[in-house]
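Worksheet: the structure to be examined is printed underneath.
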Amino acid sequence: MSDGPGPWDDYLAAAQRLDAVRRAASAAAGEQAATAQAAQQELTAVRARLAPQRARLVQDLGVPEARLIPQPAEQALAAQAVAGGPTAVLAALRQARATADAADAGMLGPGPAGPLRPWARNLLVYGPFAAAVLIVQIVLYLVAPSGSLPTYALLCGLSLPLLAYGLGWLTIGFVYGGGPQKVDRTPVVGAVTCLTPVLLTCMGVGLLAFIR
């Protein structure tokens, strides 16, 4: 009877070590698979969160699409953050979703007002000039002799809206111009706004004539 371990004992020890290695490798692979699946779910959630934010920034707040494209430095930082495998990818995606949640809270909560859209911004310029045209037309209608009313109406109806439109055009360029991009003066909005006083004056004169 042998005193030391024989070949059979060596075989059993080696088989146990191999089984331990196999179990450890299987557990690591299962953990990585679960982490990869969780990372895929996080990626889907982040994409779903970023899509409406991107649409709001571009359509509602007028942010250029080019400003939403990651720059090379940002891409390098992102690549470094996910270089550690599925676990690092999952952590980076969770951080991205937390940032998107904070951005949603900031956009929906009280905060500084975003820039006005070009037509609304320009309406604040064309509107006062159009109001001045309306006031001048009313004053001229009140002080003009009755026989000269058609002449005054023709002169005011042609010259004052054009003057208001031109002044609004120049004011928009002076106030909002000077940047790298061409300023949008929204000419249709300006023309409609500046012609509105003429329409209102004609309606008022017609109504007074009908009443009298």
Discussion item. Looking for something over 21 Å from ASP101 (Cβ atoms) and open to solvent by 70 Å² or more (accessible area, probe 1.4 Å) - is there at least one such residue anywhere in the stretch 46-55?
Written reply: no
Item to complete: Please specify each residue of the stretch 56-72 satisfying the condition of being loosely packed, with under 12 Cβ neighbours inside 10 Å, in a loop (DSSP other than H, G, I, E, B) and under 16 Å from the mean Cα position of the chain (by Cα).
Response: PRO64, ILE69, PRO70
Worksheet item: Of everything in the stretch 31-41 that's at pLDDT 75 or above and under 20 Å from ASP101 (Cα atoms), which residue is least open to solvent (accessible area, probe 1.4 Å)?
Response: ALA38
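The values are calculated or read from the model by the stated rules, or taken from the named source; none is laboratory data. Just so it is clear, the model here is predicted, and its values are computed rather than measured. Note: ideal-geometry Cβ built from the backbone for every residue, glycine included; neighbour counts use all protein chains shown. These accessible areas exclude ligands, DNA and RNA; they are computed on the full protein's heavy atoms, side chains included. Shrake-Rupley method; radii C 1.70, N 1.55, O 1.52, S 1.80 Å.
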